[in-house]
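Rule-based calculations on the coordinates, nothing more; no lab input. What you are looking at is a predicted structure, and each value in this text was computed from that prediction instead of being measured. Cβ placement follows ideal geometry from the backbone for every residue including glycine, while neighbour counts extend to all protein chains displayed.
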There are 2 protein chains.
Amino acid sequence: MAGTNRNDENRTGGPAIILVEPQLGENIGMVARAMANFGLDDLRLVNPRDGWPNEKARASASRADHVIDAVRLFDTVEAAAADLTYLLATTARPRYSVKAVRGPEEAGAELRARIHADQPAGILFGRERFGLSNEEIDLADEIVTFPVNPAFASLNIAQAVLLMSYEWMKSGLEEGAAPRFTAPELVPAPKDDLYRFFDHLETSLDTTNFFFPPEKREAMVHNLRVMMTRAGFSEPELRMLRGVLRAFDHRIERGTK
Amino acid sequence: MAGTNRNDENRTGGPAIILVEPQLGENIGMVARAMANFGLDDLRLVNPRDGWPNEKARASASRADHVIDAVRLFDTVEAAAADLTYLLATTARPRYSVKAVRGPEEAGAELRARIHADQPAGILFGRERFGLSNEEIDLADEIVTFPVNPAFASLNIAQAVLLMSYEWMKSGLEEGAAPRFTAPELVPAPKDDLYRFFDHLETSLDTTNFFFPPEKREAMVHNLRVMMTRAGFSEPELRMLRGVLRAFDHRIERGTK
């Protein structure tokens with residue numbers, strides 16, 4: 001806890017970089033270096049394959065020790081994003097069609113606007129081998145993709161982090177550093193609240209016949225999460241929706257007795 | 001000679017990337033991969049330390065074999081740039097005050113304009129250890145520098161090539177970093193559907209204790225309607241939400257019997 005506080009105080013700001021199940025320590029180190037190059041320092045790892053700390057990561061970070069020292073570990077993407085109010089997911093391919101898709105430059109400007117308005121933001125990067133799962137993308141608000149050559153589209157994670165860090169830095173170089181977009185007036189809830197609402201909704205619906213037939217459950221959960229994420233509910237709104245669910249839960253319990 | 005001709009015929013265009021005395025094969029490979037990601041294929045090496053070909057370069061190029069196969073070797077920077085009409089030199093710090101200094105985005109646009117006008121162009125990248133000499137910078141028309149964190153300014157050559165290749169690709173897109181795919185405009189449902197959802201939600205909640213005490217019902221209905229309106233749900237989304245309500249309704253009916 002003390003360590004976390006100290007890290008938070010030392011932070012220079014900027015979006016959190018969240019690596020989901022990174023495999024190679026070298027890549028984590030190169031990510032840290034790219035972040036340091038462009039003034040980012042909040043690196044979060046979800047289940048790194050080779051554990052943590054990782055000496056290969058430190059070696060390939062080329063003296064970005066302040067980023068490596070401040071790394072935080074999480075068991076789930078949900079936990080890693082819990083304190084954030086705006087979350088981007090990076091993907092290489094257009095497999096997803098519902099969430100808004102931004103280019104890196106536009107995403108950099110949007111991140112700048114959110115953070116300028118004190119709305120903590122972050123970016124999810126997937127595994128070296130197969131990126132992010134659809135369920136992980138469901139946890140994000142919007143998607144970033146890179147304008148790569150379609151015939152040779154695979155960016156490694158250190159390169160993807162480099163480009164996003166670079167666009168973040170560039171977004172702060174505008175005249176007077178004034179953000180080009182304004183953040184939404186209504187502050188979206190921290191992701192933790194949203195994810196707990198997801199759990200509650202899905203658990204409540206499991207007591208009904210909503211997810212029928214069972215093999216459709218996954219797709220239906222996906223659709224619900226997409227629509228509830230896009231709505232951008234604030235904290236009081238999510239509290240009210242949880243109240244709605246509790247009212248149904250209690251009514252069902254009473255009726256059963 | 002024959003090989004050179006064949007390579008020229010196969011070129012997809014774009015600036016030449018010239019690495020001056022690169023030391024590590026791994027870096028040359030990562031440069032090739034970054035170039036392939038953004039549609040560049042003309043890689044020229046001036047006196048690579050470990051000679052050429054270099055198996056480490058091929059291994060770290062991750063299948064960017066067409067770039068590796070087309071590499072051309074030169075003894076001097078002058079020879080490597082001989083056919084070009086516009087040459088940029090990359091430096092970490094703007095230590096030079098006579099030549100124009102550009103950022104990567106502006107440099108990408110300038111390269112695009114030159115090449116569009118059939119004026120061959122290229123970019124010089126220096127050694128891993130100490131960059132380009134003043135004499136080498138003298139051979140270039142202008143300087144590119146990167147907007148890095150002054151406290152942590154060292155970009156490796158693969159990263160520098162990645163950023164320039166990315167800005168080259170972006171300069172050819174109509175709207176900056178426009179992504180390769182965009183989400184379909186999500187059309188909000190006709191209001192009639194929204195209002196029928198309101199009715200359904202409020203009727204279902206009337207069978208529970210949600211609206212309690214009764215004098216707060218009006219304000220609570222107002223809050224629910226505001227939030228559900230702001231979410232801008234589409235017709236399929238509202239259909240799904242009505243399905244959620246029906247599932248709760250049926251469960252409550254079953255429990256009551």
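I need B:K99, A:K191 ordered by Cβ neighbour count within 10 Å, fewest first.
Values: B:K99 16, A:K191 25.
Ascending Cβ contact count within 10 Å gives the list B:K99, A:K191.
Ranking B:I143, A:I17, A:I252 by Cβ neighbours within 10 Å, fewest first, what do you get?
A:I252, B:I143, A:I17
Please enumerate, by chain and number, the lysines with C-alpha under 26 Å from the C-alpha of A:K191, excluding those fewer than 8 residues away in the same chain.
A:K99, A:K216
Quick one: dipole size for the protein assembly as shown, taken about the Cα centre, charges +1 on Lys/Arg Cβ and -1 on Asp/Glu Cβ, in debye to the nearest 20. Display every interim value, and only then the final one.
Details: 62 positive and 76 negative charges, 261 e Å.
With Lys and Arg at +1 and Asp and Glu at -1, about 1260 debye.
In vacuo Debye scattering of the protein assembly as shown, one point per C-alpha: log10 I(q)/I(0) at q = 0.07, 0.10, 0.12 Å⁻¹?
With no solvent term, the Cα-only Debye profile gives -0.46, -0.82, -1.07.
Looking at the protein assembly as shown, what % of its DSSP beta bridges pair antiparallel, to the nearest 5?
Percentage antiparallel, nearest 5: 5.
Placing +1 at every Lys and Arg Cβ and -1 at every Asp and Glu Cβ, with all other atoms neutral, what dipole size does region B:191-256 have around its Cα centre, in debye to the nearest 20?
Numbers: 11 positive and 11 negative charges, 33 e Å.
Once rounded to the nearest 20, the dipole reads 160 debye.
Viscosity 1.002 mPa s, temperature 20 °C: Stokes-Einstein D of region B:191-256 from its Kirkwood Cα radius, in µm² per second?
170 µm²/s
At a Cα cut-off below 28 Å, give the lysines reachable from B:K56, other chains included and same-chain residues fewer than 8 away excluded.
A:K56
Sorted from fewest to most neighbouring beta carbons within 10 Å, what does the list A:I137, B:I28 look like?
Fewest-to-most ranking of A:I137, B:I28: A:I137, B:I28.
Treating the beta-carbon of each Lys and Arg as +1 and of each Asp and Glu as -1, no other charges, what is the dipole magnitude of chain B about its Cα centre, to the nearest 20 debye? Intermediate results must be reported in sequence, preceding the final value.
Numbers: 31 positive and 38 negative charges, 227 e Å.
Value, rounded to 20: 1080 debye.
Separation of region A:105-146 and region B:209-232 by C-alpha centroid, Å?
Region A:105-146 and region B:209-232 have Cα centres spaced 32 Å from each other.
Give the percent of DSSP beta bridges with both residues in chain B that are antiparallel, rounded to the nearest 5.
Antiparallel: roughly 10 percent of the beta bridges in chain B.
Mind checking which aspartates and glutamates have their Cα closer than 13 Å to the Cα of B:K170? Skip sequence neighbours fewer than 8 apart in that chain.
Partners within reach: A:E105, A:E106, A:E167, B:E105, B:E106, B:E110.
Would you calculate a helix-derived [θ] at 222 nm for chain B, using -39,500 (n - 2.57) for each DSSP H run of n ≥ 4 and dividing by the full residue count, to the nearest 500?
After summing the helix terms and dividing by the residues of chain B, the value is -14500 deg cm²/dmol.
What does the average come to when, for each residue of peptide A:37-46, you count the partner chain Cβ atoms lying within 10 Å of its Cβ?
3
Given the alpha-carbon gyration tensor of chain A, what are the semi-axes of its equivalent ellipsoid in whole angstrom, ordered largest first, with each equal to the square root of 5 times an eigenvalue?
Three semi-axes, in Å: 33, 20, 19.
Specify the residue with the greatest mean-square fluctuation among A:A64, A:A82, A:A219, computed from a Gaussian network of chain A linking alpha-carbon atoms under 10 Å apart.
Among A:A64, A:A82, A:A219, the largest mean-square fluctuation in the Gaussian network model of chain A belongs to A:A219.
Using packing as a proxy for protection, rank B:208-215, A:118-125 so that the peptide with the highest average count of other Cβ atoms within 10 Å comes first. Please report the intermediate quantities before stating the final value.
Working: B:208-215: 13.0, A:118-125: 21.1.
The most tightly packed comes first, giving A:118-125, B:208-215.
Can you divide the C-alpha Rg of region A:12-112 by 2.2 N^0.38 Å and report the result to two decimal places?
Taking the Cα Rg and dividing by 2.2 N^0.38 Å, one obtains 1.10.
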